[in-house]
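Student: The structure under discussion is supplied below as structure tokens; questions concerning it will follow.
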Amino acid sequence: MNARIDFQTIMGADGKPAFVVVPYNEFRRMAGAFTPGTIPHAVVSAEVDGASATKAWREYLRLTQAEVAARMGVTQAAFAQIETAKRPRKATLQKVAAALGLELEQLEA
């Protein structure tokens, strides 16, 4: 069941809605709902600069290749190959996502 939320709409100069004011606790609840599955700007920027999604996320999370490799149960050299693969397999990406604490979609974006 959905509870009623008290909010206020602030109109812009053009007469169209420009802002919505909601109670702070409701804002925090709503903001938290969007956090999982998002991709930080730093990760997107690294990918634009040519890094793989795996490398971009690893560096964003401040992890070494050896740390991620240990979480995956592979050697650092094996993880280095995974990180530079042009088209990694979905099963591999699922293991990387689990090791990084991400959702698969965050690596496939």
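Student: Output the number of the condition that Gly37 fails; it satisfies all remaining conditions of (1) modelled with pLDDT of 85 or more; (2) at positive phi.
Tutor: The single condition Gly37 does not satisfy is (1).
Student: For region 49-64, how many residues meet the condition of being part of a helix (DSSP H, G or I) and of a type in the set (A, V, I, L, M)?
Tutor: 2
Student: So which pairs qualify, if the first residue must be in region 81-106 and among the acidic types (Asp, Glu), the second must be part of a helix (DSSP H, G or I) and surrounded by 13 or more Cβ atoms within 10 Å (Cβ to Cβ), the Cβ gap must be under 8 Å, and the two must be at least 6 apart or on different chains?
Tutor: Short answer, once both residue conditions are applied: Glu83/Thr54; Glu83/Lys55; Glu83/Arg58; Glu83/Gln65; Glu103/Ala97.
Student: Sticking with this one: Could you please give the count of residues in region 62-103 that are hydroxyl-bearing (Ser, Thr, Tyr) and over 19 Å from the mean Cα position of the chain (by Cα)?
Tutor: Number satisfying all stated conditions: 2.
The values are calculated or read from the model by the stated rules, or taken from the named source; none is laboratory data. Quick caveat, the model's predicted, so the values are computed rather than measured. Counting neighbours? That spans all protein chains shown, and the Cβs are built from the backbone with ideal geometry, glycine included.
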